[in-house]
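Below is one structure; the comments refer to it alone.
The values are calculated or read from the model by the stated rules, or taken from the named source; none is laboratory data. In this text the structure is predicted, and so the values were computed from the model without any measurement. Because the Cβ atoms are built from the backbone with ideal geometry, glycine has one as well, and the counts that use them run over all protein chains shown. Only protein heavy atoms, including side chains, enter the accessible area calculation; ligands, DNA and RNA are left aside. Shrake-Rupley method; radii C 1.70, N 1.55, O 1.52, S 1.80 Å.
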Amino acid sequence: MRGRLHRVDRRAAVALIAVAWLVLFTALRGRDTLFLDTSSVTSLHTHLNNLDTSIGAHRNSNPLFVYFFNEIQLGTTHLVTFFQSLISQPAAGRPLPLIGWLGVVALATFVSWVFGNGKVALLALGGLLFIGAQGLWQPAMDTLAMTVAAVLLALAIGIPLGVWAGVSRRFERLVTPVLDLMQTMPTFVYLAPLTLLFLIGPASATIATLIYALPPVIRLTAHGLRAVPAETVEAAESLGSTRTQVLLKVMLPMAKRTIVMGVNQTIMAALSMATIAALVAAPGLGQTVVQALESLDVGTAFNAGLAIVVLAVVLDRVTTAASVRVETARRTPSRRAARLRRPLIVLGAVAVTVAVYLSYTFVAYAQFPTGLDLGTPIQQFASSATSWAQNNLAGITGGFKDATTSWGIDPLQTLLDSSPWWVTFAAVVGIALAVGGQWAALSATVCLGLIIGTGLWQDSMDTLAATLPATVMVMVLGLVLGVWMGRSKRVDRLLRPLLDAAQTMPSFVYLVPFIALFAASRFTGVIAAVLYAAPASIKIIADGIRGVPEETVEAATSAGSSRWQIITKVQLPMSVRTVALATNQGLIYVLAMVVVGGLVGGGALGYDVVAGFSQTSLFGKGLAAGAAIVLLGIMLDRITQAAARRADAGAHLNTGH
C-alpha cells in the first residue's frame, strides 16, 4: 500500500512538472535556447581545434608523444600491418599476401573444427567462400586482420585484469565503475579523442576497437572466478595448495567456459567497432559500407553489410561452440575420444600446411577466383528491391515516417530545444528527482551543466528527442514480444535464435535496409535504433516474466483470473525490476544507434561527430559532441538505474519481502 502511494505521488509529481513545463514553453518559446549554427563554433571548440593543431605541430618533439603515444601508435600499426600482410595485403615484395584464400579457408575450417565441432567448421568454410564469391575477399580479410589484432591486445590486457578483479574485491570495486562507463559510451565517442593522440588511421581504429572490446572479457573472467564454489577452493587450500596453485589448477580451469564466453563477447564487440572505425580510416568492409551510405548506394552497402553479418555469425558460432566444447570436456572427460581425435588433428594440420603452401606458391590459390560472382546479383537485387520499395511502398513508408515524425519526434524536439534552456534543465532534473531520487537528480544536474559547457545544448536536446520516442517503441516491442516469449516456450524457441542473430550484427548494418525504405533522414536513424535496441529489451523482459514463480501464476489462475489479468496484475508487477532494466538497456542501445544515424541525415550530435572527422575546422566541435553524447548516456543510465532500484524496492514492499 505504501509503495503504491509512493508510485502515485511520483506520477503526480511528473505530471505536475510536465504541465508546468508546457505552460512555461508556451509563454517563453524561443528565448534563451542556446542555439548554435551547424557551421559555428564556440570558444571551447576553437581551443580544442588549437589543441589539435598544437599537438600536430609538436608530435615529433614533445617527449610525451615521442616516447609514449608515438611508440604505441607505431607498435599498433605494425601489429595490424603484420596480420594484413598475412591474409589481406601485399607483403615481402609480393603482389599478394603471404597466405592466400585457400590457406585462410583451410586454416579457419581446421581451427573451427578443433576448437568447436564439425558443424561450425562447415559454417566457417561456407561463410568464407560466400564472402569471397561476393567479391569482398580483401576488405573482409582487412576487417578480420584488424579484429584479430584488437582482440589479441584486448585478451592480453583483459584476462589478467579479469583475474585480478576475480580474486580481489577491492580491485573489482575500483574497476567496475570504469567498465560501466566504457560499456555505456556509444561507439562513436571512442573515435574522436583517439585521433587526437594517434592520428586518423589504423592505429586509432585498432585502439578504439581494443578499448570497446575490453570490458566483456574483464567482467566475464572475474565472474567466472567468483562463481567457483568456495568449498572447492577451501578443499584445495586444506590440501596445502598455494594461492597460485589454487588459481592455476582449480579456479581458472573451472572458469574456463565463462572466460571463453568472454572471448566470444570481446570478438563480437571488436568486429562491431572495427566496422564503425572506418570513420577514422580503418581498412575493411566498414569503408565499403560508409562510402556506399554516403553515396546512397544501397546495393553496394547491402552486399558489404551482408558480408559483415556472415563474418559475425561465423565468429560467434565458432566461439560459442568452443565454449560448449570446453564445458563438455570438463564435465565428461573422455580419454578414448581424445585418442581418436589426435590422428585426425595431425592429418588436418598436414592438409592445412599443404593448403597454406599452395596459397603461398600459386596465384590461383592466392587470389580468390572471380569465376563465381555473387556480389553483382546481390547488389542488383538490393538495388531493384530498393527501387520497388520506393515506387510501390512510398505511400505506406512515407505515411508511417511522417506520422511518427509529426506526432512523436517533432513535438518533443520542439519542446526540448525551443524551451528556454533553464526551463528544460529544471524540468529534466525535476523528473529525475521524481522517478529516481536525489542522486539521479544530482547526476542530471551535473550532466546537463556540463552539456551546456560543451556549447551543444540544442544538438543534445535534438538527440534526446530522437532517443526518447525510439525507446518508447523499443519498450512496446519489448513488452509485447517479451511477455509472449516469457509465457510460451514454443515462441521463445522460435524467436530467441533470431534475437541472438540480431545482436551479433554490427550497428552499421541496421542502417542499410532502412535507407532503402525511408531514404536518408533523421527517421532512418531512429527506426534503425529501435530494431538495434529491441532484441536486448525483449530478452530481458522474457527472462523476467519466466522468473515469476509458477505457483503464483497457478494460484492466480485457480482464483479465476483471466490471461490478461495474470499478465497485468501478477507477472508484469512481479517483473518490474527487469522491465526497468530493459528500459535502461533500451535507452543506452538506442542512444548509441541514434548518433550513428548522423551518417544518414540524423543530424544533431551524430552529425557533429562525423563532421569533426572530415573537417579540420570542426574537429573541436566533434570532440565536444562526443563528450555531450557520453554525458547524455550517463544521465539516462543513472536515472533509469535509480528508477529500477526504486521499482524493485516498491515491489518488495508490496509483496512484503
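A compact table of results
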read-out	value
Cβ crowding within 10 Å averaged over residues, with 149-156, 354-361 ranked highest first	149-156, 354-361
Among 185-192, 389-396, the order from most to least packed when residues are scored by Cβ within 10 Å on average	185-192, 389-396
Paired Rg and Dmax values of region 65-191, which use every Cα atom, in angstrom	18.6, 53
Charge dipole of region 1-88 about the Cα centre (unit charges at C-beta), most positive-ward option of 51, 86, 33	33
Apportionment of accessible area to carbon and sulfur, the chain, percent (1.4 Å)	66
Magnitude of the charge dipole, the chain, Cβ model with Lys/Arg +1 and Asp/Glu -1, debye to 20	2300
Calculated [θ] (222 nm, deg cm²/dmol) that DSSP helices of n ≥ 4 give over the chain, each run adding -39,500 (n - 2.57)	-26500 deg cm²/dmol
Principal axis dimensions, largest first and in whole angstrom, of region 331-477 by Cα	73, 52, 33
Region 463-602, Cα convex hull volume normalised per residue, Å³	100
Pairs of Cα atoms farther than 22 Å apart, region 240-326, %	46
Prolate/oblate/rounded call for region 132-172, Cα gyration tensor, a/c under 1.5 rounded	prolate
Per residue value of the accessible surface for region 366-521 (all protein chains in place, 1.4 Å probe), Å²	46
In sequence order, calculated HN-Hα J values of region 56-66 (Karplus, 6.51, -1.76, 1.60; Hz; x Gly/Pro)	x, 6, 10, 4, 9, 10, 6, x, 4, 7, 4
Per-residue HN-Hα couplings for region 564-575 [Karplus 6.51, -1.76, 1.60; θ = phi - 60°; Hz; x = Gly/Pro]	4, 5, 5, 5, 7, 9, 10, 5, 5, x, 7, 10
Sequence-separation-based contact order of region 59-205, relative, with Cα cut under 8 Å and 6+ spacing, percent	24
Whole-Hz couplings from phi, Karplus 6.51/-1.76/1.60, listed for region 234-246; x for Gly and Pro	5, 5, 5, 5, 5, 8, x, 5, 6, 4, 5, 5, 4
Inter-site label distance for residue 72 and residue 500 at 7 Å from Cα along Cβ, in nm	3.6
Tail fraction, Cα-Cα pairs, region 7-140, threshold 25 Å, whole percent	66
Region 391-488 shape via C-alpha gyration tensor axes, a/c threshold 1.5	oblate
Volume per residue that the Cα convex hull of the chain spans, once the total is divided by residue count, Å³	198
Distance between region 176-247 and region 13-56 - C-alpha centres, whole angstrom	36
Inter-probe distance in nm under a simple model that places probes 7 Å from Cα toward Cβ, at residue 40 and residue 12	4.4
Over region 153-203 - Rg/Rh using Cα atoms and the Kirkwood inverse-distance radius	1.08
Principal semi-axes in Å for region 193-291 [√(5λ), Cα gyration tensor, largest first]	40, 13, 8
Cα-based convex hull, region 1-86, per residue volume (Å³, whole number)	291
Region 124-236: C-alpha gyration tensor shape, a/c 1.5 cut-off, then a/b vs b/c	oblate
Packing-based order for 481-488, 62-69, 467-474, using average beta carbon neighbours within 10 Å, highest first	467-474, 481-488, 62-69
